[in-house]
Amino acid sequence: MILTSIIVLGALGFVFAALLALAADYFAVAVDPRVSAIIAIVPGANCGACGAGGCHDFAERVAKGEIAVSGCVVGGAEVAKKIAEIMGTAGFTVHKRVAAVHCGADNGQRWRKANYYGVKSCKNADLVASGGLMCSYGCLGYGDCFCVCAFDAIKMVNGLPQIDPEKCTACGKCVTACPRAIISLRPYDFPVRVACSSHDGPAATRKNCPVGCIACKICEKTVPDVFKVVDNLAVIDYTKTGVDCGPAIVKCPTKCILQGGKNEQK
Amino acid sequence: MSSFRGGIHPPENKGKTEKSALKTAARPVKVILPLQQNLGCPNEPLVKVGDEVKEGQKIADAQKFISAPLHAPISGKVTRIEQLDNACGFDVASIVIEGGAGETAYAGQWSVEELTPEQIRKSVREAGIVGLGGATFPTHVKLTPPAGKKIDTVIINGCECEPYITVDHRLMLERPAEIIYGARAIAKAVGAGRIVIAIESNKPDAVKKLNGQGVAVAVLRTRYPQGGEKMLIRALTGREVPSGGLPSDVGVVVQNVGTAIAIAEAVRLGKPLIERAVTVTGSGIKQPQNLIVRIGTTFKEVIEQCGGLTDDAAKVIMGGPMTGIAVSTLDVPVVKATSCILALSKNDAQNYEEGDCIRCGRCLKVCPIGLMPNYLGDYAKLKEWDKMAEYHVADCIECGCCSYVCPSKIYLVQYFKVAKRELQTRKAVCK
């Protein structure tokens, strides 16, 4: 009895195995080998910064040619180079970018007009009376950017986000998390940044903040190639690389032009 | 007594001002007029710095349909047009006029009988009238029923369910004839046959005053937010405004009593909306009273006329305690939305740290719309905006009942406001 059932079930097992093997061969879907090769390379954080729905989607779309080989912002130059090898396109350069904070007022320099007692989040604070701040452009200091950073690249120092340029992958999550849009992605190699976002006139900025851009145009006169004051705010022309911006940092009367890019501090 | 599901009954605190008759405030010598004082599109100034303007002259307007023009509340000279603080704490483009008494730019004498609905709408629009209950939706838009929709009922809202505020109560006692005149004008403009004046049961004297004047008066249970449009329609007609819909979808138009008086003045005299009734009250005001204030008068001037702030005043709010907004400076002007200036003493204006949800479900019980604030709060903390949209956060009327009853003092309404703004900007981006 036992022997019969073992033989019957064993035989059935062989038959089904053979059928499955045939079906697997017959219904096989051809996968682009490049897709699996790209998936093996990308960091696999599924952050979505490339614009695709996760790393698998990214790999498929790169293989189709819809996204550039340098599309993975987290992977940076290294990953881009490897993907380029897989895709058979080489001979290009990737410019690494990092997040830059365009506000320099920490807790002590942030002048207040009211006390804010609501939810401790920038998005919430921004809804009521500028979160109690005099300046309606500057950092609110509740760290929404810090909370979304998946790479531990943002530290809150005295109420102001500080970017670690080595850890920052320019995924752009902090850029969208900030309700005041004071964070942007800038070239890693560019050594300065404007730490102010205020478009208020000089008198209003003076009234609101000790370290705000007062549109005095000294930077424009000192390093004319790079700086230009537009709508009461100093703006950097990031295409002008290789110019020494040191004098502008030294001469800025309110100290709102700071080290940036890989030299980022404060 | 008819009412709605949910709601709360906070201490009314109306005693300080409900017996004080409306008094006309001193004419200001300087007014600050934010260009946008209504929901919808912002206005463009029609005057320049240095121009002489007459009282009641139109000084700003927009071309779009959902907008309301702005008029000079005093005669004088335009001295500044620049970004100034408004009561919500944002810098907005404003016109400053300095001057005083002078001739007025309006005159007229009409009666409702001889005007066509189109003419009524036009005079309401030209008078810059917006919903004076606080939502400031342009009134002429409400008076224009969408094509294919029949309006059969006009509800005049005299509930005034928000604590502290007593202006609508005083208007009903002192100017009943104008309310009924305005109600008739509204009914004629929308072609409705039925007018109902809705009053909460805590104002029996107002009910008595308006009864027997030829329109129906409905007495409703005293319960917050009875004065909300959707609650009122539910209580009086049994109809439910669909999610994302408007009262006109169920054949109803709701107007506040203050708006009805403004309409009466606009239709009969051509008078634009340049002043409004404001309750100045709270434990932080020395002499609480009801004032007729010209739009653009600063809070400081208004409060000075009420004896000033007490020494322990800690917080000044524009609007009532449930839906109002705390102001950061008293240099902000009274706008079309200012129904109340509430000053609270240190003892009344306490702040609480928010705690964690303990799943008691009280917010579910009080939500007049029938939302689930507990889940919405959880999702808001996780910033799951899409999930919040699924749970109908867009239908929230921001009445504040859930935050009021929450034993953990979670700032639910603030979270919902952020979510609504987030979803709206996302929608705009998607377009």
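The values are calculated or read from the model by the stated rules, or taken from the named source; none is laboratory data. Only a predicted model underlies this, so the values are computations on that prediction, with no experimental measurement involved. Note that each Cβ is placed from the backbone with ideal geometry, even for glycine, and that neighbours are counted across all protein chains shown. Only protein heavy atoms, including side chains, enter the accessible area calculation; ligands, DNA and RNA are left aside. Shrake-Rupley method; radii C 1.70, N 1.55, O 1.52, S 1.80 Å.
Restricting attention to the stretch B:283-331, the residues that are over 21 Å from the mean Cα position of the chain (by Cα) and among the hydrophobic types (A, V, I, L, M, F, W, C) total 5.
Search the stretch B:231-258 for residues being open to solvent by 60 Å² or more (accessible area, probe 1.4 Å) and assigned to a helix (DSSP H, G or I), and hand back the single one that is farthest from B:Pro146 (Cα to Cα). Ranking the candidates gives B:Arg234 first. Of all the residues in the stretch B:188-220, those that are of a type in the set (S, T, N, Q) and touching a strand residue (DSSP E or B) at 6+ places or on another chain (Cβ under 7 Å) number 2.
So which of B:Val405, B:Val393 is touching a strand residue (DSSP E or B) at 6+ places or on another chain (Cβ under 7 Å) and either crowded, with 21+ Cβ neighbours inside 10 Å or at pLDDT 95 or above (or both)? The match here is B:Val405.
Give the residue that is nearest to the other protein chains (Cβ to nearest Cβ), with candidates limited to residues of the stretch B:73-122 that are of a type in the set (Val, Ile, Thr) and open to solvent by less than 30 Å² (accessible area, probe 1.4 Å). Going through the qualifying residues, I end up with B:Val96.
A:Ile154 fulfils the conditions (1) under 29 Å from B:Arg421 (Cβ atoms); (2) in contact with a Ser or Thr (Cβ under 7 Å, 6 or more places away or on another chain) except for a single criterion, (2).
Give me the strands (runs of 3 or more DSSP E) completely within the stretch B:147-224, filtered to those with at least 2 residues that are more than 29 Å from B:Gln289 (Cα to Cα), ordered by residue number.
Numbers: elements: B:153-158, B:194-200, B:216-220.
The qualifying strands (runs of 3 or more DSSP E) are B:153-158, B:194-200.
The residue list B:Lys54, B:Lys48, B:Lys64 contains one member that is open to solvent by 30 Å² or more (accessible area, probe 1.4 Å) and touching a Cys at 6+ places or on another chain (Cβ under 8 Å), which is B:Lys64.
Can you tell me how many residues in the stretch A:153-200 are part of a loop (DSSP other than H, G, I, E, B), within 20 Å of A:Cys50 (Cβ to Cβ) and out of contact with any Phe, Trp or Tyr (no Cβ under 6 Å at 6 or more places or on another chain)? First the steps, then the outcome.
Here is the first cut: in the stretch A:153-200, the residues part of a loop (DSSP other than H, G, I, E, B) are A:153, A:158-159, A:164-172, A:178-182, A:188-191, A:195-200.
Next cut, within 20 Å of A:Cys50 (Cβ to Cβ) only: A:153, A:167-172, A:188.
This time we only want the ones that are out of contact with any Phe, Trp or Tyr (no Cβ under 6 Å at 6 or more places or on another chain), so: A:153, A:168, A:170-172, A:188.
Within the stretch A:153-200, residues that are part of a loop (DSSP other than H, G, I, E, B), within 20 Å of A:Cys50 (Cβ to Cβ) and out of contact with any Phe, Trp or Tyr (no Cβ under 6 Å at 6 or more places or on another chain) number 6.
Taking the stretch A:113-145 as the range and being more than 8 Å from chain B (Cβ to nearest Cβ) and either open to solvent by 40 Å² or more (accessible area, probe 1.4 Å) or closer than 14 Å to A:Asn208 by Cα (or both) as the test, the residues that pass are A:Asn115, A:Lys120, A:Gly131, A:Leu133, A:Met134, A:Cys135, A:Tyr137, A:Gly138, A:Cys139, A:Leu140, A:Tyr142. Of A:Val192, A:Val101, A:Val175, all but one fail to be among the β-branched types (Val, Ile, Thr), open to solvent by 10 Å² or more (accessible area, probe 1.4 Å) and in the same structural domain as A:Cys252 (by TED's automatic domain parsing); the exception is A:Val175. Only a single criterion out of (1) open to solvent by 10 Å² or more (accessible area, probe 1.4 Å); (2) within 13 Å of another protein chain (Cβ to nearest Cβ); (3) not aromatic (Phe, Trp, Tyr) is not satisfied by A:Asp152, namely (2).
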